[in-house]
1. All but one of (1) modelled with pLDDT of 85 or more; (2) more than 21 Å from the chain's Cα centre (by Cα); (3) open to solvent by less than 50 Å² (accessible area, probe 1.4 Å); (4) not hydrophobic (A, V, I, L, M, F, W, C) hold for Ser162; state the number of the condition that does not hold.
2. Against the conditions (1) modelled with pLDDT under 90; (2) more than 17 Å from Pro216 (Cβ to Cβ), where does Leu27 fall short? Just the number, please.
3. Restricting attention to region 193-205, and to residues there that are over 23 Å from Thr26 (Cβ atoms) and without any contact (Cβ under 8 Å) to a residue 24 or more places away in the chain, which single residue is least open to solvent (accessible area, probe 1.4 Å)?
4. Considering each residue of region 22-47, count those that are open to solvent by 70 Å² or more (accessible area, probe 1.4 Å) and within 25 Å of His225 (Cα to Cα), and give that number.
5. Please identify the pairs in which a residue from region 109-120 that is touching a residue at least 12 places away in the same chain (Cβ under 8 Å) has its Cβ atom under 6 Å from the Cβ atom of a residue that is open to solvent by 40 Å² or more (accessible area, probe 1.4 Å), counting only partners at least 6 apart or on another chain.
6. Name the residue that is surrounded by the fewest Cβ atoms within 10 Å (Cβ to Cβ), counting only residues in region 213-244 that are farther than 18 Å from Met93 by Cβ and among the hydrophobic types (A, V, I, L, M, F, W, C).
Amino acid sequence: MSDVAMHGAAHGHAAGHPALQHQFQTLQQQKEAATLGMWAFLLTEILFFGGLFMAYMLYRTWYHDAFRAASSSITLFWGLLNTIVLIGSSLTMALAVRSAQLNQRKATVNWLLLTMLLGAVFLGVKVIEYADKFEHHHVPGPHFVWAEAGHEAPVSSSHGVSPDEPNFQLHTQIFFSLYFTMTGLHALHMIIGLGLMSWLTWTAWQGRYSSEYYTPVEMSGLYWHFVDIVWIFLFPLLYLIDRS
């Protein structure tokens with residue numbers, strides 16, 4: 001490359017978009033790298049939650065009656081409400097990305113705020129559910145006691161095991177251990193997502209995103225959609241199977 005060409009390339013790079021990092025030549029190249037990195041991260045998350053799903057399905061197969069009784073104690077209304085809330089938050093997040101693409105600063109901020117509000121509602125419902133489990137001693141540990149808490153459950157299993165027997169108590173405790181692990185980790189991802197949304201809202205208000213550069217909004221949207229999809233699997237596994 002000639003000195004003139006090198007000077008022109010260097011000048012073009014220096015005069016590029018302020019969000020363009022020095023290791024990239026164009027914003028498109030930077031976006032492709034960010035997209036690849038995000039999908040690689042999400043694949044590790046899929047493996048992580050996939051292992052928990054597999055453990056849950058195996059234990060449910062082994063201790064079917066205890067898991068059926070324990071899952072019946074979870075309030076279906078709260079799970080359904082949270083499902084609707086998260087589906088709505090996926091819509092608002094997608095609209096935030098679209099607004100950023102169209103260079104609509106105010107709309108981007110508003111959609112992000114609405115996404116955060118729906119995320120906060122989800123976590124609030126989780127607090128209500130967890131409080132109910134603490135109240136009825138359904139939290140795994142030395143004070144765990146299996147009780148129906150006003151919910152109907154079979155008085156005996158198909159294998160002749162009474163719900164009052166120690167093994168039945170142990171097996172229901174395994175259910176709640178997985179319940180708190182999976183929903184707790186999911187809630188942690190929601191909290192991290194709310195942190196991302198807060199930062200995005202602030203930077204969007206500053207006018208950092210436009211039709212030329214909106215990569216952080218889009219990548220955060222991918223993360224948010226993934227967290228929502230995880231719940232779409234958690235809801236039927238924990239709330240719907242053997243509900244009758």
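The values are calculated or read from the model by the stated rules, or taken from the named source; none is laboratory data. Here the structure is a predicted model, which means the values were calculated and not measured. Every residue, glycine as well, gets a Cβ built from its backbone with ideal geometry; the counts of neighbours run over all protein chains shown. What goes into the accessible areas is simple: the full protein's heavy atoms, side chains included, and nothing from ligands, DNA or RNA. Shrake-Rupley method; radii C 1.70, N 1.55, O 1.52, S 1.80 Å.
1. If we test Ser162 against (1) modelled with pLDDT of 85 or more; (2) more than 21 Å from the chain's Cα centre (by Cα); (3) open to solvent by less than 50 Å² (accessible area, probe 1.4 Å); (4) not hydrophobic (A, V, I, L, M, F, W, C), just (1) comes out false.
2. Here Leu27 clears every test but (2).
3. Gly195
4. Qualifying residue count for the region: 10.
5. Val109/Trp205; Trp111/Leu95
6. Leu240
Yes/no per residue for (1) among the hydroxyl-bearing types (Ser, Thr, Tyr); (2) at pLDDT 95 or above; (3) surrounded by 18 or more Cβ atoms within 10 Å (Cβ to Cβ):
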position	(1), (2), (3)
His171	no, no, yes
Thr183	yes, yes, yes
His186	no, yes, yes
Met190	no, yes, yes
Ser211	yes, no, no
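The rows are residues; the columns are (1) more than 30 Å from Arg98 (Cα to Cα); (2) assigned to a helix (DSSP H, G or I).
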site	(1), (2)
Ala187	no, yes
Gly193	no, yes
Trp199	no, yes
Ala204	no, yes
Arg208	no, no
Pro216	no, yes
Leu234	no, yes
Leu237	yes, yes
